[in-house]
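Structure, as structure tokens:
The values are calculated or read from the model by the stated rules, or taken from the named source; none is laboratory data. Since the structure is predicted, the reported quantities are computational estimates derived from the model, not experimental observations. Virtual Cβ from ideal backbone geometry, glycine too; neighbours counted across all protein chains shown.
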Amino acid sequence: MLPTRLTRESFSDFGDVIEISEKAEHFTINDGYTERYHDLAQVDVMAKGGRTLINIFRSSPLDKPLAIKMMERHPLSSQAFMPLGDEDYLVVVAPAGDFDSSKIKVFLASSKQGVNYHPGTWHHYCLAVNNTSDFMVIDRGGDGENCDAITLDGSLVIEI
């Protein structure tokens, strides 16, 4: 499977793309020295008394060819990833609901794009492509089971 370029439109069924764009609401603040790109993702962590967590994940590239062997979802919250370096990365997703491997989509995201998965959206963990990469991750803390993971047979291979 070949990844397609990540865009707001192509990813809208799975979540939000977090990026600087003329399509985003933006305005000048701080005496004209800062352009604020406003409300870029609908972060949703409040179910069952949840609270916001801000984390940094450090991801190492998987061996190539890249075989997809797991997917996960967070039924109680969204989960946002924003790269902190200059490396492109892969986003592997499938629609919320019963998992269907035939509906997996693979996107190539630039280092200037983050993603915010809607609650329940199936996804792979951060997939660094060439080098170890850091991501700021905003997700949910609190009571309740908020991570379902499944094991796959690795037959889906991403060509990069």
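Just a few scattered comments:
Rundown of residues vs (1) closer than 21 Å to Ile138 by Cα; (2) free of Cβ contacts under 8 Å to residues at least 60 places away in the same chain; (3) assigned to a strand (DSSP E or B), yes/no style:
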| position | (1), (2), (3) |
| --- | --- |
| Asp31 | no, yes, no |
| Val45 | yes, no, no |
| Thr52 | yes, no, yes |
| Leu62 | no, no, no |
| Lys69 | no, no, yes |
| Leu76 | yes, no, no |
| Val91 | yes, no, yes |
| Ala96 | yes, yes, no |
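- Selection within segment 107-160 - within 21 Å of Arg51 (Cβ to Cβ) and among the aromatic types (Phe, Trp, Tyr): Tyr117, Phe135
- All positions within segment 82-113 that are among the basic types (Lys, Arg) and loosely packed, with under 14 Cβ neighbours inside 10 Å: Lys103, Lys112
- Cβ pairs under 6 Å, 6+ apart, first in segment 1-15 and touching a residue at least 24 places away in the same chain (Cβ under 8 Å), second loosely packed, with under 14 Cβ neighbours inside 10 Å: Leu2/Glu159
- Across segment 1-25, the number of residues qualifying as touching a His at 6+ places or on another chain (Cβ under 6 Å) and surrounded by 12 or more Cβ atoms within 10 Å (Cβ to Cβ) comes to 1.
- All positions within segment 54-103 that are touching a His at 6+ places or on another chain (Cβ under 8 Å) and acidic (Asp, Glu): Glu72
- Residue in segment 118-137 that is of a type outside the set (Lys, Arg), in contact with a strand residue (DSSP E or B) (Cβ under 9 Å, 6 or more places away or on another chain), farther than 21 Å from Phe11 by Cβ and modelled with pLDDT of 95 or more present: yes
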